[in-house]
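Written out below as structure tokens is the structure these notes cover.
The values are calculated or read from the model by the stated rules, or taken from the named source; none is laboratory data. Please read all numbers here as calculations on a predicted model, not as lab measurements. Cβ sites come from the backbone with ideal geometry, for glycine too, and all protein chains shown count toward neighbours.
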Amino acid sequence: MPRSKSPVFVVGCPRSGTTFLFDALCSSGVFPVFDQESHVFGGLVTRVGDLSRRKNREELFVRWTQSSYFKPVGIDLEEVKLRIIEECNNGGDFLRIVMESMARQQHKNRWAEHTPDHALYLKEIKRTLPDALILHLIRDGRDVALSLDRQGFLNSYLWSEKHSLVACGVYWEWLVEAGVRAGRALGADYMEVRFEDLIMKPHETFAKIGQFIAEDLDYDRIRQQGVGAVSKPNTSFKAESSKSGFDPVSRWKRDYPKGELLKLEGAIGPFLKKMGYQLATPEKELGNTFAPRRLRTLYRNYLASRLFVKTYFPMARYFVRDR
């Protein structure tokens, strides 16, 4: 398949700006407009088991049509159902069948997909869709933790609410690190994009993304079309977004109490530095952060165990939620 027709996956930790990047691709006029996450690899497929069995393919179709996540527009549902039951052997087949149908209906030659935590499934995406191109959006983990915490993203998994910001930061580190590790092994089919670059130098950044996916991504045209989050920020800080001069970059410098910032940087500081983000806490103060480091270890082990169980034990789909 020519690179200019390859499917594009936008991944990254939730609250990193992945919706904005995906909506910008839709605003370019190249991709079909679609405003929902599919959760195919970490949700739908893991819920039905081995797709070599016809019964499971039939269950996949039923679960998909009943899902609140994934409702593509303008497709021939009966045609798609037949193809899923007859041709679908894995999550890549399922996405290809559904998204190609939607692309044809909107007279597009390729499609893009946006599910942030598909960063955990890059190896499976490339195994089942070898031509896929991956855009991994990375944002400062301190800003991501603030936004996740504001939404109560991990509330049901917290051992103590006083650790919520640290838990959200650890989740960012765990997911981004997994995506980076798997993505960099993919070579030229993987690109890391910084959220801060998208906001502060959009023309240059979208030009580089365009080169990667073999499309002319003109930022002025994207702004003019303004699909979804391009014209209306998808932010956890709604009151701020309505004010002039709204700036989602480095909010942590304004909103973190010093004690909380010390705990967070004590937990994920080394990875922040590895990803090129400068720490605010002096090194000598980070040396006395045993409790945050212990929380980091506990939460990372917990997150990795949940992912392992959901991936390798089919019956776990009845007990482990998608996130």
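Do you know which residues across segment 246-273 are more than 24 Å from the chain's Cα centre (by Cα) and part of a loop (DSSP other than H, G, I, E, B)? Answer for segment 246-273, where residues must be more than 24 Å from the chain's Cα centre (by Cα) and part of a loop (DSSP other than H, G, I, E, B): Tyr256, Pro257.
Taking (1) closer than 19 Å to Tyr256 by Cβ; (2) part of a helix (DSSP H, G or I); (3) modelled with pLDDT under 95 in turn, Trp172 satisfies each apart from (3). Only residues that are of a type in the set (Gly, Ala, Ser) and in a helix (DSSP H, G or I) were counted in segment 39-82, giving 2. For segment 274-323, the tally of residues that are of a type in the set (S, T, N, Q), modelled with pLDDT under 90, loosely packed, with under 12 Cβ neighbours inside 10 Å and outside any helix (DSSP H, G or I) stands at 1.
Cβ-Cβ contacts under 7 Å between residues 6 or more apart (or on different chains), taken from a first residue in segment 144-155 that is of a type outside the set (Asp, Glu) to a second residue that is at pLDDT 90 or above and outside any helix (DSSP H, G or I), are listed as Val144/Cys13; Val144/Arg15; Val144/Ser16; Ser147/Arg15; Leu148/Pro14; Leu148/Arg15; Phe153/Pro14. When restricted to residues that are charged (D, E, K, R) and in contact with a strand residue (DSSP E or B) (Cβ under 7 Å, 6 or more places away or on another chain), segment 19-37 contains 1.
Exactly one residue out of Lys108, Lys123 is more than 30 Å from Leu261 (Cα to Cα) and assigned to a loop (DSSP other than H, G, I, E, B): that is Lys108.
Considering every residue within segment 49-69, establish whether at least one is modelled with pLDDT under 95, under 20 Å from the mean Cα position of the chain (by Cα), closer than 23 Å to Leu133 by Cα and surrounded by fewer than 21 Cβ atoms within 10 Å (Cβ to Cβ). Looking for residues that are modelled with pLDDT under 95, under 20 Å from the mean Cα position of the chain (by Cα), closer than 23 Å to Leu133 by Cα and surrounded by fewer than 21 Cβ atoms within 10 Å (Cβ to Cβ), one finds at least one in segment 49-69, hence yes. Could you list all residues from segment 166-204 that are over 17 Å from the mean Cα position of the chain (by Cα) and either of a type in the set (Ser, Thr, Tyr) or crowded, with 23+ Cβ neighbours inside 10 Å (or both)? Within segment 166-204, Val166, Ala167 qualify.
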